[in-house]
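First comes the structure, then the notes that go with it.
The values are calculated or read from the model by the stated rules, or taken from the named source; none is laboratory data. What you see is a predicted model, and the numbers here were worked out from it, not measured in a lab. Positions of Cβ are generated from backbone atoms using ideal geometry, with glycine treated the same way; all protein chains shown enter the neighbour counts. Just so you know, the surface numbers come from the protein's heavy atoms only, side chains and all, with ligands and any DNA or RNA stripped out. Shrake-Rupley method; radii C 1.70, N 1.55, O 1.52, S 1.80 Å.
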Amino acid sequence: MNVPNLLSFARIFMVPIFIWCMIKGYAEWALWIFVIAGVTDALDGYLAKKWDQVTELGGYLDPIADKLLLIAGFVVLAWSHMVPLWLTLLVITRDLVIVGGAIVYQILTGDLKIEPLWISKLNTVAQIVLLGVVMAHSSYGWFVGVTDIMVWVVLLTTVSSGFAYIWSWTHRAEDRGVTTGFFGGQE
């Protein structure tokens, strides 16, 4: 077990603490746990590359830790009426579509290589910023007016990245001779 993977595990274990803090009304603590989780996310990727410790386990742990924290953040903040429920459902639906699409692609082609798209990375950043802004505003009154803008940015990047994955996997499958019927392919 290397340091980057330990940091990813630490992020996973921060999720229930984050949820507990939000539910119990310790929004300031939840915000700082969220910030620490974000720092460890950047740090584990940096260290893995710098120390040449990129592992297959880390390739799974890092995105799992990210998704757990983001989904927990959206669900808890929607439950607290701090982010719109419809946006939370959209974010979760996009993730389910991506996972479902990955499973279908694997079944159809037998060769799934998960490569994050740039729009997906932008979407992740937008989601993190939105959750951080909402918690900072709730806790300290910071970022007045930014929440509405970030809701729109998350909406646009979530929809765009969901369609981008579907488009990418459909064309990659069709390039491999699998006909999908999507985006102009033959049935």
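Things worth noting here:
- Selection count where residues are part of a helix (DSSP H, G or I), open to solvent by 30 Å² or more (accessible area, probe 1.4 Å), in contact (Cβ under 8 Å) with a residue 24 or more places away in the chain and among the hydrophobic types (A, V, I, L, M, F, W, C), scope the range 117-126: 1
- If you check 178, 159, 153, 144 for being closer than 24 Å to residue 27 by Cα and either of a type in the set (D, E, K, R) or open to solvent by less than 70 Å² (accessible area, probe 1.4 Å) (or both), only one passes: 153.
- One residue from 108, 156, 87, 96 being within 21 Å of the chain's Cα centre (by Cα), in contact (Cβ under 8 Å) with a residue 12 or more places away in the chain and not in a loop (DSSP other than H, G, I, E, B): 87
- Taking residues in the range 127-141 that are farther than 15 Å from residue 26 by Cα and outside any helix (DSSP H, G or I), and partners anywhere that are open to solvent by 20 Å² or more (accessible area, probe 1.4 Å) and modelled with pLDDT of 95 or more, not one pair has Cβ atoms closer than 8 Å while being at least 6 places apart or on different chains.
- The set of residues in the range 6-59 being in a loop (DSSP other than H, G, I, E, B) and either closer than 30 Å to residue 81 by Cβ or modelled with pLDDT of 95 or more (or both) consists of 25, 26.
- Of the set (1) touching a helix residue (DSSP H, G or I) at 6+ places or on another chain (Cβ under 7 Å); (2) in a helix (DSSP H, G or I), all apply to residue 114 but (2).
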